[in-house]
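Step one of this worksheet: look at the structure below.
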Amino acid sequence: MANTTFNGPVRSQNGFQSISINSTTGAVTVNATFGAATSVTDLAATNVTATNVTATNLVFTDQNHPTTAAINATATATAAQVITGYITSTSAAATTITLPTGTDLGTALGATRGTTLDLYVDNTAGASTVTIAVATNGILSAAAAAGSGAGAGLLTVSSGVTGIGCFRIMFASATAYVFSRIA
């Protein structure tokens, strides 16, 4: 099928592009491409509000973390640190990072049942292990609760070249989450 420009809603089985046309030059600009590998290419934070963005079933596979949080000693992470999606640690000593309460994190995210957040913990520049713990209304996944030594149950992030862990925080309600390792 040829490229066609519509003025109205469009349905497609093979994805589509949202475009704008310069009224002076007629130049076409692709603003976003939606399909199996959805990417948003021109989205300014000033244009995003809770009233015009719906995140239901939207999965971003290209994780970009322009803001990260550093936690280099045992501490409770703030909701703002966790929401960055990327925490670094460069500590020479063993470090435990306790996640915020379900209420604090849920409020900061505007979470509802089904809200998810992926959290990367980067300990590649650290010299000791980082352990992740949950606070009130943070519930460990079944594998984590069983103390599995690998995979979804591993709540520690080693130091050095293999020292990156990816965790998923899944909200069961606005104030309670399940925490599990996914990579």
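Here are some notes:
- Candidates Pro66, Pro100: the one that is part of a loop (DSSP other than H, G, I, E, B) and in contact with a helix residue (DSSP H, G or I) (Cβ under 8 Å, 6 or more places away or on another chain) is Pro100.
- Of all residues in the stretch 144-151, none satisfies being in a strand (DSSP E or B), over 14 Å from the mean Cα position of the chain (by Cα) and among the hydrophobic types (A, V, I, L, M, F, W, C).
- Qualifying positions in the stretch 69-92 - in contact (Cβ under 8 Å) with a residue 40 or more places away in the chain and under 13 Å from the mean Cα position of the chain (by Cα): Val82
- Residue in the stretch 73-89 that is of a type in the set (S, T, N, Q), at negative phi, in a loop (DSSP other than H, G, I, E, B) and touching a His at 6+ places or on another chain (Cβ under 8 Å) present: yes
- Residues in the stretch 111-125 include at least one that is modelled with pLDDT of 90 or more, closer than 18 Å to Ala183 by Cα and touching a His at 6+ places or on another chain (Cβ under 8 Å).
- Qualifying positions in the stretch 153-183 - charged (D, E, K, R) and in contact with a Gly (Cβ under 7 Å, 6 or more places away or on another chain): Arg181
- Near pairs, Cβ below 9 angstrom, 6+ apart or cross-chain, from the stretch 154-173 (in the same structural domain as Gln81 (by TED's automatic domain parsing) and on the phi < 0 side of the Ramachandran plot) to any residue that is modelled with pLDDT of 90 or more and of a type in the set (Asp, Glu): Val157/Asp122; Gly163/Asp122; Ile164/Asp122; Gly165/Asp122; Cys166/Asp118; Phe167/Asp118; Arg168/Asp118; Ile169/Asp118
- Of the set (1) farther than 18 Å from Val178 by Cβ; (2) over 20 Å from the mean Cα position of the chain (by Cα); (3) at pLDDT below 95, all apply to Thr54 but (2).
- Residues of the stretch 93-130 satisfying the condition of being polar (S, T, N, Q) and under 19 Å from the mean Cα position of the chain (by Cα): Thr98, Thr101, Thr103, Thr107, Thr112, Thr115, Thr116, Asn123
- Subset of the stretch 100-125 (residues that are touching a residue at least 40 places away in the same chain (Cβ under 8 Å) and of a type in the set (Gly, Ala, Ser)): Gly102, Gly106, Gly110, Ala111, Gly114
The values are calculated or read from the model by the stated rules, or taken from the named source; none is laboratory data. Keep in mind that what you see is a predicted model, and the values were worked out from it rather than measured. Here Cβ is always computed from backbone atoms with ideal geometry, including for glycine, and neighbour counts include all displayed protein chains.
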